[in-house]
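Reading through the structure tokens given below for one structure.
Please treat every number below as a calculation from the coordinates, not as lab data. Model, not experiment: these values are computed from the prediction. FYI the Cβ positions are ideal-geometry reconstructions off the backbone, even for glycines, and counts take in every protein chain you see.
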Amino acid sequence: MSYAHEIEEALKDGFLRRTLDKFAVEYRAGRDRVFAEVDERALIQRIADVKDDAARRMEELYEKFRVEAEKRGAVVHRAKDAAEAREIIAAIAKENDVHKIVKSKSMTAEEIGLNAHIEAAGIEVNETDLGEWIVQLRHERPSHMVMPAIHLSRGQVADEFEKATGRAQDHEDVHKLVKTARAELRPKFLAADMGISGANFLIAETGSLAIVTNEGNGRLVNTLPRVHVALAGLDKLIPTLDDALSALQVLPRNATGQRLTSYVTFIDGATACAKSPTGRKILHIVLLDNGRADLARDPLFSQIYRCVRCGACANVCPVFRLVGGHRMGHVYVGAIGLVLTYLYHDRAAAKKLCQNCVGCGACKDVCSGGIDLPRLIQEIRARFAKEDGEPVASRLARYAMRKRPTFHRLLKFMRFAQKPFAGKDGFVRHLPMALFGKQGFKSLPALAKKSFRELWETRDSWLAARDSSPRATNQKHLTVKIALFAGCALDFSLPHQLVAAMKVFAHFGVEVEFPMEQTCCGLPLVTLGEKETALDVARQNIAAFVGEYDAIVTLCASCASHLRHWYKDTLGAEAEAFSAKVIDFSSFVHDMLGLTEKDFTRLDWKVAYHASCHLCRALGVKEAPRALISAAAHYTPTPEEESCCGFGGSWSFKFPEISKELMHKKLDNACSGDATHLALDCPGCTIQLRGGADREKRKIQVVHVAEVLAASLEAGGAK
Amino acid sequence: MEKTATDLFIARAEAAAAQVHAVPDEAAAAKEVEAIRAEKGADGGAHGERALPSGVGVVRAAKGIAQTGTCIVVTDDEALRLETMLPEVSVILLNSADILPDLPSAAPFLRAEQTQGRASYVSFITGPSRTADIERVSAIGVHGPLELHIVLIGGRP
Ligand code: SF4
Ligand code: SF4
């Protein structure tokens with residue numbers, strides 16, 4: 001089955017869709033509740049700092065851990081790769097005459113393909129974590145790190161249990177199925193000679209293991225059999241007990257919305273064991289390298305060591321929510337799964353998987369270690385693009401965009417070429433939908449008759465058309481000078497939104513300049529893996545904005561975050577002054593101008609809000625747009641305002657089915673109340689949602705926050 | 001009114017599905033344990049091949065953690081450890097004076113346990129065993145106890 005086909009199949013899996021939809025919403029609520037009690041950001045920062053430090057000192061921590069653990073009777077092994085780890089464990093089994101093994105959850109064991117290897121040696125292996133046991137019975141991979149069987153219904157589980165036990169099972173009552181598992185696995189625990197577990201933390205200071213579980217199987221695995229093998233990656237090493245306890249304030253909260261899991265077990269060496277011939281537990285700790293030590297020195301990718309395998313990056317991922325873990329992961333699932341697949345497991349699989357990411361940033365926002373996952377995924381895509389040589393799109397983009405006049409001439413030519421097809425309402429109307437194929441789920445925007453840069457020349461006429469003389473009562477006149485950064489989509493496709501912003505600026509006396517040499521921000525080039533050209537256009541923009549401005553304002557959240565973060569991160573000092581001045585429209589009006597409801601006339605519009613990924617997460621702007629909407633109209637909160645609309649630039653053309661579903665869900669939510677308008681701060685989202693609302697004949701109007709404000713001022717002026 | 005560590009402990013332990021029995025002193029605690037044993041039945045054979053002292057496992061916690069409703073039990077001893085794992089009903093005695101505010105404040109205790117020149121096994125127990133692995137339905141009681149009773153000594157006046 002082709003990958004595209006697999007995705008289509010997943011989207012048709014009604015059970016999976018309902019389960020993951022429900023989970024996405026409930027997970028968010030549960031997570032928010034338990035994080036409200038602690039300082040989330042500080043705890044995440046602490047994990048980041050501790051793990052970054054541990055990655056740098058990996059060898060030192062390993063030595064310390066080994067010495068301390070061996071002092072207390074454990075045997076520590078270091079395996080350079082998966083094969084060596086499998087051999088070490090098989091040898092331990094052999095030398096201790098082991099016939100039966102019970103296992104608790106270990107993602108590292110999945111990573112090295114342990115079960116198949118041990119079973120081949122004639123040893124019986126039983127998974128004991130309920131979800132792992134279910135997928136083992138079905139000969140499947142886990143579809144989630146924390147909930148391995150989330151893709152299965154209770155009926156499917158009951159069928160599997162009937163096969164395994166030879167007895168009829170209740171197909172409705174989950175609690176009875178859980179009882180079956182308890183009864184079925186209990187004798188296996190008692191009969192096993194060896195237990196294999198993972199470990200969540202390897203604490204160097206005392207050579208101890210910390211193991212986090214809920215079901216209680218983990219403790220039986222490491223207590224009942226005479227031999228215990230703990231398998232963990234070198235990345236699990238951390239310096240102190242304090243570090244582990246601090247991280248434990250985040251891990252369960254992020255994984256399952258619990259304050260703490262039912263059990264956290266600290267094993268420090270080989271304790272007394274009745275079944276063992278020596279009277280002490282035979283404890284082996286196998287530390288897996290498998291590329292980790294090298295990666296710890298990578299300036300960009302070493303941050304993956306901050307991962308505590310909480311699974312949150314999958315839980316909030318809009319693509320995971322739609323297609324499930326088997327298509328949004330490999331051994332590991334979700335954003336971290338994409339990265340680890342590339343680094344460790346299967347490059348061919350990673351190439352497909354990494355295309356999936358829409359770049360919404362939701363994963364980064366919740367990650368226990370604050371890993372910049374979208375950035376890593378983007379980098380992997382760029383590397384693949386480079387290896388593949390030049391796709392036509394990249395070559396074209398590079399040719400067209402290196403020189404601004406060429407690029408803008410090209411856009412004008414396209415406007416001419418689309419003429420016979422463009423409708424009056426700004427959508428491409430007259431092309432048969434068949435030509436769009438799967439893209440037909442939204443109407444595509446036409447290029448505007450006049451770009452903003454052309455309209456700019458005649459601004460005196462359209463700005464003067466309305467009464468802008470300051471009114472004595474409520475009008476501020478501010479001495480602020482800004483430069484406007486348009487961005488391609490607004491400049492050429494949605495100039496009326498910039499016109500609305502200009503009216504707001506004029507009303508409050510803000511002095512505006514529009515440097516003509518500005519060009520594309522470069523974000524689409526980065527997405528295509530065209531870093532060199534992206535740097536070229538960045539330099540052109542910096543040069544275009546050398547004037548004395550209080551701020552560089554843009555109505556495009558994507559441009560804003562790219563100009564602010566990527567420019568500074570990539571060009572350093574060269575971009576610092578420029579990046580520092582960049583601000584999004586809503587923050588500028590709300591925070592810098594300080595405008596409030598006193599400055600606006602309240603419209604009778606009921607306005608729902610879509611928080612664009614690049615605004616609410618990349619820039620962390622949450623309050624300003626909502627406050628402005630409340631000031632100028634009636635803000636109508638709707639569910640999941642911060643979830644992605646599915647645009648993602650050229651991504652929506654690669655994954656039209658997923659993009660469509662995200663858009664559809666977004667519009668469902670926005671239309672769930674009595675909103676008349678849906679406001680947002682990003683032209684990408686506008687194109688997606690306006691096009692979708694048009695195609696689906698929704699009653700809601702999609703507008704920029706600037707348009708809400710302009711309409712309010714207009715209404716006030718007419719009073 | 002500000003919540004005391006004990007109040008918070010009780011609320012959080014109950015949120016994790018533990019049943020908290022607040023008693024004034026040791027004598028009352030012993031009575032409470034007997035009452036639980038009597039009610040839950042003390043049949044030793046309910047748990048498979050391995051004989052257990054009773055169908056109700058009883059251990060004593062060294063510390064508690066208020067913020068999470070957790071009992072910290074030193075379970076170096078294997079038989080004692082199994083008391084917290086195999087029976088369907090688990091009882092933990094905890095002195096309210098031993099309740100610490102949060103996880104980080106347990107570090108000195110844990111460090112002392114782990115630096116005595118011998119191996120150790122310390123269990124943090126928060127509620128009964130649980131799973132949500134089938135359709136995310138929360139089910140209490142998987143491989144560990146189905147019920148967790150905390151007898152909190154000096155818990156409330
Ligand atoms: S950026 Fe968004 S789409 Fe991409 S992996 Fe993260 S959550 Fe998923
Ligand atoms: S990458 Fe972050 S969010 Fe994802 S599993 Fe690891 S720690 Fe959790």
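Lys and Arg at +1, Asp and Glu at -1: add these up for the other residues within a Cβ distance under 15 Å of A:VAL546 and post the number. Once all neighbours under 15 Å are counted, the net charge is -3. One Cα centroid belongs to the stretch A:674-719, the other to the stretch A:39-62; the line between them spans 44 Å.
Once the chain from A:HIS139 to A:ARG347 is taken as fully extended at 0.36 nm per residue, the excess over their C-alpha distance is 72.6 nm. Counting only DSSP beta bridges with both residues in the stretch A:203-295, the antiparallel share comes to about 45 percent. Shown in residue order for the stretch A:528-535 are the 3J(HN,Hα) couplings computed by the Karplus curve 6.51 cos²θ - 1.76 cosθ + 1.60 at θ = phi - 60°: 7, x, 8, 5, 4, 5, 4, 5 Hz (x for Gly and Pro). The mean sequence separation of alpha-carbon pairs under 8 Å and at least six residues apart, normalised by the residue count of chain A, gives a relative contact order of 12 percent.
Spatial offset of the stretch A:171-240 relative to the stretch A:562-624 amounts to 48 Å, using the alpha carbon center of each. For the segment B:99-107, counting C-beta atoms of other chains within 10 Å of every residue's C-beta and taking the mean gives 4. Centre-to-centre separation between the Cα atoms of the stretch B:1-36 and those of the stretch A:299-340: 40 Å. Could you tell me whether chain A comes out rounded, prolate or oblate from its Cα gyration tensor? Rule is a ≥ b ≥ c as square roots of the eigenvalues, rounded for a/c under 1.5, then prolate if a/b exceeds b/c, otherwise oblate. Because a/c hits 1.5 or more and a/b exceeds b/c, chain A counts as prolate.
A protection proxy built from the mean count of other Cβ atoms within 10 Å ranks the segments A:274-281, B:95-102, most packed first, as B:95-102, A:274-281. Per-residue mean of foreign Cβ neighbours for A:179-185 is 3 (Cβ atoms of other chains, 10 Å radius). Dipole magnitude for the stretch A:427-718: computed about the Cα centre from +1 point charges on Lys and Arg Cβ and -1 point charges on Asp and Glu Cβ, it is near 840 debye. The mean sequence separation of alpha-carbon pairs under 8 Å and at least six residues apart, normalised by the residue count of chain B, gives a relative contact order of 33 percent.
Per-peptide packing, taken as the mean over residues of other Cβ atoms within 10 Å, places A:255-266, A:453-464, A:679-690 in the sequence A:679-690, A:255-266, A:453-464 from highest down. State which entries of A:LYS606/A:LYS666; A:LYS666/A:LYS699; A:LYS412/A:LYS581; A:LYS188/A:LYS236; A:LYS103/A:LYS281 exceed 19 angstrom in Cα-Cα distance in the structure shown. Long pairs (Cα-Cα over 19 Å): A:LYS412/A:LYS581; A:LYS188/A:LYS236. Cα convex hull, the stretch A:213-253: 100 Å³ per residue, rounded to a whole number. Compared with the direct C-alpha span, the chain from A:LYS275 to A:GLU26 gains 85.2 nm at full extension, assuming 0.36 nm per residue. Report summary: the helix-based calculation at 222 nm, which adds -39500 (n - 2.57) for every DSSP H run with n ≥ 4 and divides by the residues of chain A, gives -14000 deg cm²/dmol.
For a straight C-alpha distance cut-off of 17 angstrom, the lysines reachable from B:LYS31 (same-chain residues fewer than eight places away being disregarded) are B:LYS40. Counting only Cβ charges, +1 for Lys and Arg and -1 for Asp and Glu, the dipole size of the protein assembly as shown around its Cα centre is about 2480 debye. Per-residue mean of foreign Cβ neighbours for B:62-71 is 3 (Cβ atoms of other chains, 10 Å radius).
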